[in-house]
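Report on one structure; see the data block that follows.
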Amino acid sequence: MGTPAPLGLQGAYARGHRSNYDELRTRLLDVANDLLAKAGPESLTVRRIAAEAGCSTQVIYTMFGSKEGLAEALYLEGFERFRRRLEAVPKRDDPLEHLSLLGPAYREAALAEPGYYSLMFERAIPGFVPSERARTLARAALNIVDRVIADCISAGHLVPTQPRKIADALWAAAQGALSLERAGHLPDGKTYEIVTEAAVRAFLTRPSA
């Protein structure tokens, strides 16, 4: 009977195995995202993704369960990447200044990864409907905006109301301008800047007379 491997060695093996799994999963999502952005949703076949990633189709089925499972993983990954970009915005002592910096970061995230953006907000994969769990997790990924808005309300910059109400107005303004820009109707981000600033101004407190 062999001697059991030291716990430290077992742990290192487990960590290495998990690292390889995460690397492969990330590569598969990146391949699928790239195909979606450059070749459209019809390119998202399990066979083609496996060929592009250099793995077997069985690996994809094992990781994601189905093509629909892969689409949901892409949906959640897109929101997670948005979250990381927003979290990376340097905090400011003035929450209103911090909020003003989140708008450009959101636009940059959308334009940097168009495949993820189209899946998240434009129903790029016909027939794909994210589960309620995925929708909840996706919205939670953008909670940083709600938190900064809550700080602005506490500091007296914005009118007392539910932070989500202001966040949704800002989100709607941002999405509208981004959709037009991505469709080629706007030449740059100036309109995006105007409408997102206007959305925030609509909730600014007014100095008393």
Quote the FRET efficiency, to the nearest 0.05, computed for Ala202 versus Arg123 with a Förster distance R0 of 30 Å and r equal to the Cβ-Cβ distance. 0.60
Estimated FRET transfer efficiency (Thr191, Leu24; beta-carbon r; R0 45 Å; 0.05): 0.65
Past 32 Å, Cα to Cα: identify those pairs from Lys91/Lys165; Lys67/Lys91; Lys67/Lys165; Lys91/Lys190, in the order given. Lys67/Lys91; Lys67/Lys165
Net length gained if the chain between Arg164 and Asn143 were fully extended (0.36 nm per residue, minus Cα distance): 6.7 nm
Which ³J(HN,Hα) values in Hz, rounded to whole numbers, follow from the phi angles of the stretch 27-40 under the Karplus curve 6.51 cos²θ - 1.76 cosθ + 1.60, where θ = phi - 60° and Gly and Pro get x? 5, 5, 5, 5, 5, 5, 4, 5, 5, 4, 6, 9, 10, x
Net charge around Thr45, counting only other residues with Cβ within less than 15 Å of its Cβ (Lys, Arg = +1; Asp, Glu = -1)? 0
Identified option (computed Rg/Rh (Cα atoms, Kirkwood Rh); candidates (1) 0.95; (2) 1.09; (3) 1.03): (2)
Rg to Rh quotient for the stretch 77-136, alpha carbon positions, Kirkwood Rh: 1.07
C-alpha center-to-center spacing [the stretch 37-86, the stretch 102-116] in angstrom: 19 Å
Could you compute the net charge surrounding Gly189? Neighbours are other residues with a C-beta less than 15 Å from the C-beta of Gly189; K and R count +1, D and E count -1. -2
Enter the angle in degrees (range 0 to 90, nearest 10) between the Cα long axis of helix 67-87 and the first principal axis of the Cα atoms of the chain, meaning the one along which they spread out most. 50 degrees
If Lys and Arg each add +1 and Asp and Glu each add -1, what is the summed charge of the other residues whose beta carbon sits under 11 Å from the beta carbon of Asp146? +2
If you place +1 on the Cβ of every Lys and Arg and -1 on the Cβ of every Asp and Glu, how big does the dipole about the Cα centre of the chain come out, in debye to the nearest 20? 320 debye
Note the angle between two axes, namely the Cα long axis of helix 163-182 and the longest principal axis of the Cα atoms of the chain, as a number of degrees from 0 to 90, rounded to the nearest 10. 70 degrees
Considering amide H positions built from the backbone, and no H for Pro or chain starts, which residues 5 or more places from Leu158, or on another chain, come under 5 Å of its amide H? Ile153, Thr205
20 Å tail of the calculated P(r), the stretch 11-104, as % of Cα pairs: 49 percent
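All of the numbers you see were taken from the coordinates with simple rules; none came from a lab. All values reported here derive from a predicted model rather than from experimental measurement. Note that we place each Cβ from the backbone using ideal geometry, even for glycine, and neighbour counts take in every protein chain shown.
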